[in-house]
Amino acid sequence: MDYAEACKIIKETMIRKAKSKSKYYFNDLAKMIGEKPRPAKKFINKMVTDEILEYWSSGSTSMYGLKGAGKQAQGEGEVVEE
């Protein structure tokens with residue numbers, strides 16, 4: 001599998017499931033593309049670098065989501081004017 005194919009599969013799956021789930025664990029993404037952790041990490045890190053995915057951490061949990069999608073991204077994007 002090449003990067004373009006992995007990127008397409010992950011994006012399509014995340015968009016299709018966007019209404020019910022906006023963040024995914026690393027292992028979920030690896031399963032989506034059918035790769036073992038080491039090769040999947042290269043694809044996923046490249047997608048974060050290319051700003052397709054964003055890394056999110058609560059401190060104890062690390063997840064990935066589409067850049068600018070989900071409740072967390074919408075909440076952080078709000079600008080409050082006084």
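The values are calculated or read from the model by the stated rules, or taken from the named source; none is laboratory data. Keep in mind the model is a prediction, meaning the values are calculated, not measured. Don't worry about glycine lacking a Cβ; one is built from the backbone with ideal geometry, like all the others, and counts go over all protein chains shown.
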- Query: Quick one: how many residues across the range 13-42 are under 11 Å from the mean Cα position of the chain (by Cα), at pLDDT 90 or above and of a type outside the set (A, V, I, L, M)?
  - Reply: 6
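From the list Lys36, Lys31, Lys23, which residue is of a type outside the set (A, V, I, L, M, F, W, C), out of contact with any strand residue (DSSP E or B) (no Cβ under 9 Å at 6 or more places or on another chain) and surrounded by 11 or more Cβ atoms within 10 Å (Cβ to Cβ)?
Values: Lys36 fails: surrounded by 11 or more Cβ atoms within 10 Å (Cβ to Cβ); Lys23 fails: out of contact with any strand residue (DSSP E or B) (no Cβ under 9 Å at 6 or more places or on another chain).
When all the criteria are applied, what remains is Lys31.
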- Query: Can you tell me how many residues in the range 39-54 are outside any helix (DSSP H, G or I) and surrounded by 12 or more Cβ atoms within 10 Å (Cβ to Cβ)?
  - Reply: 3
- Where residues in the range 52-74 are in contact with a Phe, Trp or Tyr (Cβ under 9 Å, 6 or more places away or on another chain) and hydroxyl-bearing (Ser, Thr, Tyr), which of them is modelled with the lowest pLDDT? Thr61
- Message: Just to verify a result, which residue in the range 1-39, among those that are free of Cβ contacts under 8 Å to residues at least 24 places away in the same chain and of a type in the set (A, V, I, L, M), is nearest to Gly59 (Cα to Cα)?
- Response: Ala30
